[in-house]
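Below you'll find the structure, written out as structure tokens, and then a few comments.
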Amino acid sequence: MLHLEYIYDIKSVDRYLDRWSVEIAQFQSKTKELWEWKETVKVGMMVDANDKSVWNKSTILDIKDNQLGPDRIVKMAFIGYRIYVENGNKSDDKGSFEGWSSKFDEWVPIYSPRIQPFFTKTQKGVQDDLDLDEELDNLQQPEEGFVRVYAVPRIRKCISSVFLHLINLFGNKGGFDLILQTLAKTEGSTEVNNDDSNNVEDLNLNIMANIV
């Protein structure tokens, strides 16, 4: 048996393996490219991080060296299981984001297999969602009394049947067409003074409000 020390990871992952185990390979034959990438990890970088067997799009919030012994220093990354985007559905002091709040942030060794390049582990779930969305598009039929579908469910975005019904009702009553016609008329009016412009804007808003 071989006692393996994962010198860049915490001690609890050290273990014994048979020397003929398929989990042992020649040095750097399986890890070279990944380790080279991990040397580039820095604060603010987006990564894929694993939490309780689930891969999450995540952000490196901080990095530190953790002294575990006289000859063992482990570089740690403070993982936020979220990414900051312009139109995120949540927000904190760093901005709007998608994912989990700071309550779930944790320190993870950078060289742990739990940290991987961005979109290499989470992409499969995204592609599955896109495939399912396409299937839903093909299956979606107009509701009874409607002639066209204007809104379809989107996984992780909106699956509310009430909201989708209202959007489809709005479209089938001519709401979207009327909005486009109103905007076209407004843009076509080149000689409009300020008072007339305000009246047109108020009229447009009233029309849209009545339709809704």
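Can you tell me how much longer the chain between Trp20 and Thr120 gets when fully stretched, taken as 0.36 nm per residue apart minus their C-alpha distance, in nm with one decimal?
Contour length minus the Cα-Cα distance gives 33.0 nm.
When the Cα centres of segment 16-46 and segment 72-116 are compared, how far apart do they sit, in Å?
After rounding, the separation between the Cα centres reads 21 Å.
Run the numbers for Asp62 and Lys103: contour at 0.36 nm per residue of separation, minus the present Cα-Cα distance, in nm.
Stretched out fully, the Asp62 to Lys103 stretch lengthens by 13.2 nm.
May I ask you to derive the relative contact order of segment 32-78, considering only C-alpha pairs under 8 Å and at least 6 residues apart, and to give it as an integer percent?
Relative contact order comes out at 27 percent.
Check Val47: other-chain or 5+ apart residues with amide H under 5 Å from its amide H, H built from backbone geometry?
Placed amide hydrogens put Ser58, Thr59, Ile60 under 5 Å from Val47.
Each value in this text was obtained by applying a stated rule to the coordinates, not by laboratory testing. Bear in mind that the values here come from a model prediction, so they are computed numbers and not experimental data.
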